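Read-outs throughout are calculated quantities, based only on the coordinates presented, and are distinct from any laboratory measurement. Please read these numbers as outputs of a predicted model, since none were measured by experiment. Don't worry about glycine lacking a Cβ; one is built from the backbone with ideal geometry, like all the others, and counts go over all protein chains shown.
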Amino acid sequence: MDDFESGMYFIMEPREEICKIETTYLYGRVKNVGTKTVDYIRIRNLNQSNLTLAWIEAKTTFAKPKSSGFDAAIDDVVKKFVHSLELFASVMMNKILDDKSELEKFRHIYETASFQMILVVKTHKYEWLSRVQDALQSKLTRHCKIWNIEPNKDILVFNEEGAAQHQLIRKPI
């Protein structure tokens, strides 16, 4: 079954490889203190030797590069990525002992998986995607070093068409 988020149908199969963080019991416990989170964490099997955990944020629209709201929009997405990584780490490090956490399903691969941060903006023009990606890479540099994330390879921005090509969403009709 797919999940409708930000005007797109995100593929939710296989179920054991994806978690909608915003609906978890754990996030319900921490959201009232200003914690933000991405929409999904999912396992992406990009090649046989290495699994990837992808943090995915979905938006219907996004500020245009060089517009007055662009920096604030970038900062909001960065906060969601960083808070989500922190929440994930707290579960993996047993700092939050909560057997109800859906994040536990990723425990078997978290030590060896690479990480990706993916922003999907439904209505964004293709020519704007690289500027958004550049801004995210710049703002996340320190976090990329800490988490061994390769910014040029692991911070990605897609519009609806690109997300469908990468099998994150169902192809729009």
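Can you give me the angle between helix 126-139 and the longest principal axis of the chain, using Cα atoms only, in degrees from 0 to 90, rounded to the nearest 10?
That works out to roughly 50 degrees.
Cβ under 10 Å from Val120's Cβ, Val120 left aside: what net charge do those residues give with Lys, Arg +1 and Asp, Glu -1?
-2
What's the angle, to the nearest 10 degrees (0 to 90), between helix 70-92's Cα axis and the longest principal axis of the chain?
10
Sum up the charges of everything whose Cβ sits under 15 Å from the Cβ of Ile109, counting Lys and Arg as +1 and Asp and Glu as -1, but leave Ile109 out.
Charge balance in the 15 Å sphere: -1.
For the range 122-164 and the range 28-86, write down the distance between their C-alpha centroids in whole Å.
What the calculation gives is 10 Å, centre to centre.
Between Leu87, Leu51, Leu140, find the one with the highest GNM mean-square fluctuation for the chain; connect C-alpha pairs within less than 10 Å.
Judging by the Gaussian network model, the answer is Leu51.
I need the trypsin sites (Lys or Arg not before Pro) found in the range 1-74, filtered to DSSP loop residues with at most 10 other beta carbons within 10 Å of theirs.
Hits after loop and neighbour filter: Lys66.
Karplus couplings for the range 24-34 from phi (6.51 cos²θ - 1.76 cosθ + 1.60, θ = phi - 60°), rounded to Hz, Gly and Pro as x?
With coefficients 6.51, -1.76 and 1.60, one gets 7, 4, 4, 5, x, 6, 10, 5, 6, 10, x Hz.
So what is the calculated 222 nm ellipticity per residue for the chain, using -39500 (n - 2.57) for each DSSP H run with n of 4 or more, over all residues, to the nearest 500 deg cm²/dmol?
It lands at -10000 deg cm²/dmol.
Build a GNM of the chain with springs between Cα atoms under 10 Å: which of Ala63, Ala89, Ala72 gets the top mean-square fluctuation?
Answer for the Gaussian network model of the chain: Ala72.
Could you give each residue of the range 7-12 its phi-based ³J(HN,Hα) in whole Hz, using Karplus coefficients 6.51, -1.76, 1.60 with θ = phi - 60°, and x for Gly or Pro?
x, 10, 9, 7, 6, 10
Work out the charge dipole of the range 3-165 with +1 on the Cβ of Lys and Arg and -1 on the Cβ of Asp and Glu about the Cα centre, then indicate which of Ser49, Leu87, Ser101 is farthest towards its positive end.
Projecting each Cα onto the dipole axis, the largest value belongs to Leu87.
How far, in nm, would the chain grow between Asn45 and Tyr25 when pulled straight, counting 0.36 nm per residue and subtracting the alpha carbon separation?
That pair, Asn45 and Tyr25, stretches by 4.5 nm at full extension.
Which links in Lys80/Lys125; Lys31/Lys64; Lys105/Lys125; Lys95/Lys125; Lys64/Lys95 stretch past 32 Å when you go from one Cα to the other?
Lys105/Lys125; Lys95/Lys125; Lys64/Lys95, as the Cα separations exceed 32 Å there.
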